[in-house]
Each structure stands twice: as structure tokens, then as C-alpha cells.
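Worksheet: the structure to be examined is printed underneath.
The values are calculated or read from the model by the stated rules, or taken from the named source; none is laboratory data. All values derive from a computational prediction rather than experimental measurement. Ideal geometry is used to build each Cβ from the backbone, glycine not excepted, and the neighbour counts take in all protein chains shown.
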Amino acid sequence: MARPRSFDVRQQTGFTFVAICCFVLLYLPIILLVVYSFNAGTSIAIWEGFSWQWYEAAWNNEKVQEATILSLIIASSASLVATSVAVMAALATTRTGKFKGSGLVFAMINQPLMIPEIVTAVALLLMFAMIKVSTGYTGIWYLIIAHSAFCIPFAYMPIRARLQGMDLNLEQAAADLYGQPWQVFRRVTLPQLWPGILSGAMLSFVVSLDDVVITEFVKSAGQDTLPTYMLGQLRRAITPEVNAISTALLAISIAMVVAFYLLSKSKEK
């Protein structure tokens, strides 16, 4: 009796064509964006020669500089806060026994991934508006808090995955040798957890760096981040300077993804 062949989607009719179409639609616009960031003319659709002028213009643009600095401050702060909370949440959900409501806790931590971002943005806008009216404070801490809350699940997932893949025997042995919980964490758990922590921190940094929706709703006057500055430019006059800024952000994202991949590979070894 012949054994039934296992299902393989790659062997299905038209799979290769559909895959190629998906890659073309996904990456061709990005390639065109990068190419036209070197355009010598002012058009974003007509090639007029190679030039670095738009990178120089973006580099010397004071508004771009201010928006970049603000974006880096917010993304770094949000990444630090989100990763710290994610580490504690991951420890609480992986180093304790099964308890009633654990599924609800997991859903609450990952809530920003399941609810449309626009809903989260409107909710934060309403809450922060009441706080602004009561306190009169309009600083960047609203953006940092909003980005931190949104980035927690992005940091939580790789950290939790790392904890679940770790061997508990070392932690149990350290506890048997009268190690206090903090000592066990600092000397045994943390050294093994570092790849997951760095992966979560980089992922949350990238998510915060390119966020538009929440930033647009929460920010006060004069608090443009790089993505919201670019959005404002698109509403006025579109020049290849926007392409140059987008290419720089793309380069940062690619560097983060490569680093995330290398850390994930080292985690598996």
C-alpha cells in the first residue's frame, strides 16, 4: 500500500508565481525609494542624475535634526522601560506554576498586538488630555509612556521565548545550594537571558522609532518625531529629501533586524 504524500505548499500549482508577485510588490517600492533618494532633481518620479544633495539637505536641516534627536530619546527611553517591564512579566509568567487567570494575564500583556493601534491612540489621547488639563504639563513624557506601553509585548515575546527555552536545572541547582532568588537571577538566569533581552530591546526600539499613529495623537505642539515630520512634509511639498530620510531609517531597521537575527542564532546554539 502506497504511503500518502505529505502536503507541501511549495508543490502547489502557482505557488512560485504568487511568491514572486508578493516579493516584487513588497520590495520593488522600497528599491525605488532608495534609488530616487539619490536623484539630482526635485522630482520623486523622474530620474535626473545621481547626487548626494538630498542626504546633505536632510543632514543640514535643523528640523530634521531636532526630530531625529527627539525620536532617538523617545525610542531609547521606551525601549528601556518596555524591556524592563517585559523581563519582569516574562519571569512572572514562566517561572511560576499554572495559576487561574494566567491566560487572561497573557492576553493583557499582548493587548497592544490584538487591538487596532488607532484605538490605543485614541484611548491614550483621552487619558492624557485629562491629565494635561489637571496638571498643565505637556512634555515628552506622555510620548515616552505611550510608546513604552505599546512596545511591551514586542519586548515580551522574545524574552519569554528565551526563558521557555532555558534549562531549569541550573536555576534549581543554584537554589539547592542556598542561593537567594535575586542571586539565582543575577548569576544564573540573567547571563543566559541576555540574548533575549537584547533582542526584545532592539525590536521595541525599532517599533517606537517608526511609530506614527500613537505619536500623532499624543504629541503636543513642537514635538515632531522623524516619522511625523516626514508625514507633515508629504502634506506640503514632496521632495527626494523624504526619500533620503526614509532610506536612513531603512538602514537602521535593517541593521537592527540583522543584529536580532544574529542574536537569535546565538541563542539557538
Going by the conditions given, is Glu48 of a type in the set (Asp, Glu), over 18 Å from Ser253 (Cα atoms) and without any contact (Cβ under 8 Å) to a residue 40 or more places away in the chain?
yes
Listed by first then second residue, the pairs whose first member lies in region 14-39 and is more than 29 Å from Ala58 (Cβ to Cβ), whose partner is outside any loop (DSSP other than H, G, I, E, B) and among the hydrophobic types (A, V, I, L, M, F, W, C), with beta carbons under 9 Å and at least 6 positions apart or on separate chains, are Phe15/Val9
Here is a list of conditions, (1) outside any loop (DSSP other than H, G, I, E, B); (2) in contact with a helix residue (DSSP H, G or I) (Cβ under 6 Å, 6 or more places away or on another chain), and Asp224 meets all of them except one; can you say which number that is?
(1)
Quickly run through region 163-183 and pick out the residues that are within 29 Å of Ala78 (Cβ to Cβ), without any contact (Cβ under 8 Å) to a residue 60 or more places away in the chain and among the hydrophobic types (A, V, I, L, M, F, W, C).
Met166, Trp182
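Residues to consider are Ala90, Ala123, Ala82; find the one that is in a helix (DSSP H, G or I), surrounded by 19 or more Cβ atoms within 10 Å (Cβ to Cβ), at pLDDT 90 or above and in the same structural domain as Gly196 (by TED's automatic domain parsing). Lay out the reasoning, then the answer.
Values: Ala90 fails: at pLDDT 90 or above; Ala123 fails: surrounded by 19 or more Cβ atoms within 10 Å (Cβ to Cβ).
Exactly one of Ala90, Ala123, Ala82 is in a helix (DSSP H, G or I), surrounded by 19 or more Cβ atoms within 10 Å (Cβ to Cβ), at pLDDT 90 or above and in the same structural domain as Gly196 (by TED's automatic domain parsing), namely Ala82.
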Pairs only if they're at least six apart or on different chains, beta carbon under 6 angstrom, first in region 137-162 and in the same structural domain as Met202 (by TED's automatic domain parsing) and surrounded by fewer than 24 Cβ atoms within 10 Å (Cβ to Cβ), second of a type in the set (Phe, Trp, Tyr) and assigned to a helix (DSSP H, G or I); list them, first residue then second.
Tyr142/Phe128
Looking only at residues that are in contact with a helix residue (DSSP H, G or I) (Cβ under 8 Å, 6 or more places away or on another chain) and among the polar types (S, T, N, Q) in region 109-162, which one is nearest to Gln223 (Cα to Cα)?
Thr138
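Look through region 176-216, keep the residues that are among the hydroxyl-bearing types (Ser, Thr, Tyr) and crowded, with 16+ Cβ neighbours inside 10 Å, and return whichever of them is modelled with the lowest pLDDT.
So, considering only residues that are among the hydroxyl-bearing types (Ser, Thr, Tyr) and crowded, with 16+ Cβ neighbours inside 10 Å, the one modelled with the lowest pLDDT is Thr189.
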